[in-house]
Amino acid sequence: MVNEPLIKEVIVNAPASKVWKALTDKKEMKKWYFDIEDFKPKIGYSFKFYGEKEGKKFPTSCIITEVEKGKKIAYTWSYDEHPAITTVTFRLSDEGDKTKVRLTHEGLEKIPTGDRDFSRQSHQQGWESIIGTSLKRYVEKN
């Protein structure tokens, strides 16, 4: 269903503390996620980054809405080009000596549908690459 949140889960072979650091330390984030100039895992903190796909840049503005240290971080996610406010949430849970990472991206239906770069499918492919490949590879090798 189109209005349902996009959810991506992955089990990584790393403790939750290591995954949390990768999700909240701007130096680590730069290595697998986005180069965010300033980031603090604090409710109300705003940050901006530039995603890129096939040479096109996508300025994105965010405000942190929830922080549960070591377990959950959520923030608004709004493209400057399509300023609908969506929400991205990362939840971590222990799976023995591994960690389950659950990403939820809500509100994608608010983004106008005619631009394939902003489509649900494009977001699904992006999060698959970011969570399923980049984050997993980063925390398991470092």
### Task
Give segment 51-75 a look and list any residue that's under 16 Å from Ser122 (Cα atoms) and among the hydroxyl-bearing types (Ser, Thr, Tyr), or say none.
Thr60
### Query
Which of the residues belonging to segment 60-93 are under 15 Å from the mean Cα position of the chain (by Cα), over 15 Å from Gly107 (Cα atoms) and at pLDDT below 95?
none
### Task
Considering only segment 1-29, state which residues are over 19 Å from Ser129 (Cβ atoms) and modelled with pLDDT of 95 or more.
Pro15, Ala16, Ser17, Lys18, Trp20, Lys21, Thr24, Asp25, Lys26, Lys27
### Task
Determine if segment 1-10 includes at least one residue that is of a type in the set (D, E, K, R), in a helix (DSSP H, G or I) and surrounded by fewer than 18 Cβ atoms within 10 Å (Cβ to Cβ).
no
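Quick check, is Trp77 surrounded by 13 or more Cβ atoms within 10 Å (Cβ to Cβ), closer than 13 Å to Val101 by Cβ and either touching an Asp or Glu at 6+ places or on another chain (Cβ under 6 Å) or of a type outside the set (S, T, N, Q) (or both)? Talk me through it step by step, then tell me what you get.
Working: surrounded by 13 or more Cβ atoms within 10 Å (Cβ to Cβ): yes; closer than 13 Å to Val101 by Cβ: no; either touching an Asp or Glu at 6+ places or on another chain (Cβ under 6 Å) or of a type outside the set (S, T, N, Q) (or both): yes.
No.
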### Task
Note down all Cβ pairs under 9 Å where the first residue falls in segment 3-26 and is closer than 15 Å to Asn142 by Cα and free of Cβ contacts under 8 Å to residues at least 60 places away in the same chain, the second is aromatic (Phe, Trp, Tyr) and crowded, with 18+ Cβ neighbours inside 10 Å, and they're at least six residues apart or on different chains.
Asp25/Phe39
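Go through segment 64-91 and give me each residue that's touching a residue at least 40 places away in the same chain (Cβ under 8 Å) and over 16 Å from Phe47 (Cα atoms).
The initial filter retains those residues of segment 64-91 that are touching a residue at least 40 places away in the same chain (Cβ under 8 Å), namely 69-71, 73, 90.
Lys69, Gly70, Lys71, Phe90 - these are the residues of segment 64-91 that are touching a residue at least 40 places away in the same chain (Cβ under 8 Å) and over 16 Å from Phe47 (Cα atoms).
What's the total number of residues in segment 93-121 that are of a type in the set (Val, Ile, Thr) and part of a loop (DSSP other than H, G, I, E, B)?
Taking segment 93-121 and keeping what is of a type in the set (Val, Ile, Thr), we get 99, 101, 104, 111, 113.
Retained after the next criterion (residues that are part of a loop (DSSP other than H, G, I, E, B)): 111, 113.
Summing the residues that are of a type in the set (Val, Ile, Thr) and part of a loop (DSSP other than H, G, I, E, B) in segment 93-121 gives 2.
When only residues in segment 94-135 that are basic (Lys, Arg) and modelled with pLDDT of 95 or more count, which is farthest from Lys72 (Cα to Cα)?
Just the residues of segment 94-135 that are basic (Lys, Arg), to begin with: 98, 100, 102, 110, 116, 120.
The next check asks that each one be modelled with pLDDT of 95 or more; those that pass are 98, 100, 102.
On the way: Lys98: 16, Lys100: 12, Arg102: 9 Å.
Only one residue fits best here, namely Lys98.
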#### Entry: Criterion violated by Lys53 - all others in (1) under 20 Å from Glu128 (Cβ atoms); (2) surrounded by 15 or more Cβ atoms within 10 Å (Cβ to Cβ) satisfied
(2)
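The values are calculated or read from the model by the stated rules, or taken from the named source; none is laboratory data. What you see is a predicted model, and the numbers here were worked out from it, not measured in a lab. Don't worry about glycine lacking a Cβ; one is built from the backbone with ideal geometry, like all the others, and counts go over all protein chains shown.
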